[in-house]
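The values are calculated or read from the model by the stated rules, or taken from the named source; none is laboratory data. All values reported here derive from a predicted model rather than from experimental measurement. Ideal geometry is used to build each Cβ from the backbone, glycine not excepted, and the neighbour counts take in all protein chains shown.
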Amino acid sequence: MTEQETAEMRRHGESTIEEKKKDSGRKCPRCRGFMEFDPKEGKLRCLSCDYLEAVLARNEEETNAAEQDFIYAERIGNQDWGVEKKTVRCEKCGIEMIYDAADALEECLYCGSNQITEVQTELGLAPGGVCVFELDAKQAAERFETWIRKQRFCRKELKKAVRTKDFKGIYIPCWTFDTHTDTTYDAYYGINYPRKGVTVTEWGGCNGTYREFIDDQIVVGSTRHEQDMPNIIRSFRTEDNKTYRQEYLAGFAVERYSVELKDAWEKAKELISHRLQRHVRDKILAECHADEVKDLKMTTTYTRIQYKLLLLPVWVICFDVKGKLYRYIVNGQNGSVSGKSPISAAKVALTVAGVLAVLGILWLILNM
Ligand SMILES: [Zn+2]
Ligand SMILES: [Zn+2]
């Protein structure tokens, strides 16, 4: 940036990038360089001189994210991210990404498009906890390479195209809910008897109550990951989270949640209800010494609902193969990989030809 540009920004009351960096607490105490969170060390690392600094002060203790009260979230939910942030939206895939105002984001981390524009939307609730990156980009690339090599029908050009620098780290938002549940139910239970060589079921009615405390029901805070995410999300150790600190995000973008808290709770109730149905069914089977349950009707009340907004770390890589976009996700905590491989037509044809040849030989042998 030229001196003239800096002076111009000052006149407009804007702080320069340098000043913003200073504000974000990411300035190296040794060389004044810029620091980023280093997954391998679990510390901030200076990009210029490699100086390492712990995220927590010496007398600070590491804690887990605290549960927040769901009922009052709208009124008193924390919106303070601790540092100036920017939001950009990708015009191609619609995703919104939040990152430190001091950083620059040139392309969409999910689709590689450079059609991204800054938007003035609310940042939304600040995260309560972070599952921090434990793998760096190099380790993510290694995991991905091992995985893609095992993909049978994968194009050669894709296997060759992996470059560490193409892996982009992003945090995915995820809601978790705790709640006490009280359920009343009625149903029919059936007991099977053998009679004259056939099984007959005798039905009886039953009703009762069931209580269960639900701990950490997870709902992904983004609607975009239905295809490539379910397995990845299940593979996170969400209990290994740390109370949110802006330093954990240094150098990484955050996807803004597109599922609002209220909608996430509706989804959570659905998931919890399925779980309760299974457990009530098991309870009836055990209590009535029954073999079957039918017409189960339940009414559940949820009390003392609490939530957390957690950030989950993933490494994303996108490939453009003949105009088609392929996206792969590497879990930043344990390295598991997810995504659909582009299929190589040549390899499929070869395999099909091979199978046909074997079938042909078998046919010949059987007909000799
Ligand atoms: Zn330094
Ligand atoms: Zn995009």
Inset, instruction - Take LYS294 and decide whether it is farther than 16 Å from ASP182 by Cα, of a type in the set (Lys, Arg) and not in a helix (DSSP H, G or I). - result: yes
Inset, instruction - Scan segment 249-266 for residues that are over 16 Å from the mean Cα position of the chain (by Cα) and in contact (Cβ under 8 Å) with a residue 12 or more places away in the chain and jot them down. - result: ALA250, GLY251, TRP265
Legend entry - Failed criterion for ALA141 (all others in (1) outside the structural domain of LEU309 (by TED's automatic domain parsing); (2) of a type in the set (A, V, I, L, M); (3) not in a loop (DSSP other than H, G, I, E, B) hold): (1)
Inset, instruction - Please give the number of the condition TYR188 fails out of (1) surrounded by fewer than 21 Cβ atoms within 10 Å (Cβ to Cβ); (2) hydroxyl-bearing (Ser, Thr, Tyr); (3) touching a residue at least 40 places away in the same chain (Cβ under 8 Å); (4) closer than 30 Å to SER338 by Cα. - result: (4)
Legend entry - Flag if THR184 is closer than 21 Å to VAL316 by Cα and polar (S, T, N, Q): no
Inset, instruction - Pull up segment 109-135, narrow it to residues that are within 13 Å of ligand 2 (Cβ to nearest atom) and closer than 15 Å to PHE252 by Cβ, then point me to the one that is surrounded by the most Cβ atoms within 10 Å (Cβ to Cβ). - result: LEU109
Inset, instruction - Could you list all residues from segment 267-282 that are surrounded by 15 or more Cβ atoms within 10 Å (Cβ to Cβ) and more than 26 Å from the chain's Cα centre (by Cα)? - result: GLN277, VAL280, ARG281
Inset, instruction - Please report, ordered by residue number, the strands (runs of 3 or more DSSP E) entirely within segment 35-91 with at least 2 residues that are touching a strand residue (DSSP E or B) at 6+ places or on another chain (Cβ under 6 Å), in the same structural domain as GLN139 (by TED's automatic domain parsing) and within 16 Å of ligand 2 (Cβ to nearest atom). - result: 85-90
Inset, instruction - Determine whether segment 20-36 contains at least one residue that is modelled with pLDDT of 90 or more and either under 30 Å from TYR307 (Cβ atoms) or more than 16 Å from ligand 1 (Cβ to nearest atom) (or both). - result: yes
Inset, instruction - Would you tally the residues in segment 25-55 being of a type outside the set (Asp, Glu) and touching a residue at least 40 places away in the same chain (Cβ under 8 Å)? - result: 10
